[in-house]
Amino acid sequence: MNSANEPCVSIVIPVYNRRSLLGEAISSALEQSFENIEVVVVDNASTDGTWDVCQEYASSDGRVRIFRNEENIGPVRNWRRCLELARGTYGKILFSDDTVDRSFVEKAVPFLDDPEVGFVFTSAHIGSDRVNGETAYRFPGQTGKFSASRFIEEILRGGDAPYSPGCALFRLQDLRENLLSHIPSPTISDFESHGAGPDVLLFLLTAARYRKFAYIDEPLAFFRAHGGSLSLSEQRRHLLRCYRQAKIWFAEQYADQKTIRSVCAREWKRECREEGRWRSPRVVLGQYMEKPPQLSLLGLTRFFRKGHVANGNQ
């Protein structure tokens, strides 16, 4: 139970150099139809006037609490600082270039009254603005409560489930405990500098603790798509490898051997497709595991027929 002075929901906004977009994010948080909220903004030592925007909102609305890091501590550590400063029972991460519908919190909170539900997420509109773009995360396609194992399976197979917590509401304690700064990896060490991997593990590690998750079949979150975000540049390939590491590590910790082999086979094929060439399963998986499993190539050779990998066909 919250005391009279504590908010029920903390909407936390980590920010760095988003002067032109931050106001829209904060406004969408303050416009929530659910009244018992706080908005926690942590500026990661911005240099573009973002702190001025923070001060403007804090001076005009007492629900806004603002903090500024003396130096840039990287995105994941700043996410963690937001969560440490939050005072609510439930936590909503809102990235500074995104927004949420005014009914998001009101519609999401009742699902977490059920102690068996670990988190609730909504579909999201992704585009350059709220008009242009597409709706993502329609899994499972209808509003309700569903088995947490079903969510885990959807993530591990690369289905239409969210990686970004920006469309979800969690218990604040789960966010604090399940936001990892580092994922054990033989080859990747920069998770703190971008957050690809720790974000999806927020969902996976929380799902592993609960019997259910909840879904609202409405696009109540807006994710701003930036130019070039879909290009398969070397940086993009690296982020995909980070997500690959997160899923493989999670499977190693929580899944049976059959599931681990299935995840490894699937991620090996994806990496070959992304690279446009065949590579040995042991070489590929050696980037992510100390002891890769032995994978059978039986039934997978058609995937590598002439032109198949290069064309990205499935």
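Total Lys pairs in the chain closer than 27 Å by alpha-carbon, pairs eight or more apart in sequence or interchain only?
Here the count comes out as 18.
Nearest 10 degrees is fine. How inclined is helix 198-207 to the longest principal axis of the chain, computing both from alpha carbons?
Computed tilt is about 90 degrees.
Taking the alpha-carbon centroid of each part, what is the distance from the range 133-162 to the range 71-98 in angstrom?
Here the two parts' Cα centres lie 24 Å apart.
Please report Rg (one decimal) and Dmax (integer) in Å for the Cα set of the chain.
When restricted to Cα atoms, the chain yields Rg and Dmax of 20.1, 67 Å.
Roughly speaking, what is the centre-to-centre gap between the range 170-222 and the range 258-291 when only Cα atoms are used, to the nearest Å?
The distance from the Cα centre of the range 170-222 to that of the range 258-291 comes to 22 Å.
Could you give the C-alpha radius of gyration of the range 1-69 expressed as a fraction of 2.2 N^0.38 Å, taking N as the number of residues it contains?
Working it through for the range 1-69, the quotient is 1.10.
Of the DSSP beta bridges with both residues in the range 114-267, give the percent that are antiparallel, rounding to the nearest 5.
Restricted to the range 114-267, the bridges split so that about 55 percent are antiparallel.
Placing unit charges on C-beta atoms (Lys and Arg positive, Asp and Glu negative, everything else neutral), compute the dipole magnitude of the chain about its Cα centre in debye, rounded to 20.
In debye, rounded to 20, the chain gives about 1780.
Shape call for the range 48-100 from the C-alpha gyration tensor, a ≥ b ≥ c root eigenvalues: rounded (a/c under 1.5), prolate (a/b greater than b/c) or oblate?
Rounded shape, in that the Cα axes give a/c under 1.5.
Summarise the accessible area of the range 1-137 (1.4 Å probe, protein heavy atoms) by the percent that is carbon and sulfur.
Within the range 1-137, the accessible surface is 43 percent carbon and sulfur.
So which trypsin sites (Lys or Arg not before Pro) in the range 139-232 are both in a DSSP loop and have at most 16 other Cβ atoms within 10 Å of their Cβ?
Listed in order of number, the matching sites are 157, 209, 211.
Could you tell me the accessible area of residue 99 in Å² (1.4 Å probe, neighbours in place), rounded to the nearest ten?
Estimated to the nearest 10 Å², residue 99 gives 0 Å².
Tell me which of 206, 259, 233 sits at the most positive position along the dipole axis of the range 158-287, charges placed on C-beta atoms (Lys, Arg +1; Asp, Glu -1).
259
Where in the range 44-82 are there GluC sites (Glu not before Pro) that are in a DSSP coil and have at most 12 other Cβ atoms within 10 angstrom of their Cβ?
Answer in residue order: 70, 71.
Treating the angle as unsigned and between 0 and 90°, give the value, to the nearest 10°, between the Cα long axis of helix 257-275 and the longest Cα principal axis of the chain.
Once rounded, one gets 90 degrees.
Taking every DSSP beta bridge with both residues inside the chain, roughly what % is antiparallel (nearest 5)?
35 percent
Accessible area per residue, 1.4 Å probe, Å², for the chain: what's the number?
46 Å²
Looking at the P(r) of the range 1-116, how many percent of alpha-carbon pairs lie beyond 26 Å?
Above the 26 Å cut-off, the range 1-116 has 15 percent of its Cα pairs.
Could you look at the range 138-254 and say what percent of its accessible area is carbon and sulfur, using a 1.4 Å probe and all protein chains?
That fraction is 47 percent.
The values are calculated or read from the model by the stated rules, or taken from the named source; none is laboratory data. Model, not experiment: these values are computed from the prediction. Positions of Cβ are generated from backbone atoms using ideal geometry, with glycine treated the same way; all protein chains shown enter the neighbour counts. When the accessible area is computed, the model is the full protein with side chains, heavy atoms only, and any ligands, DNA or RNA have been set aside. Shrake-Rupley method; radii C 1.70, N 1.55, O 1.52, S 1.80 Å.
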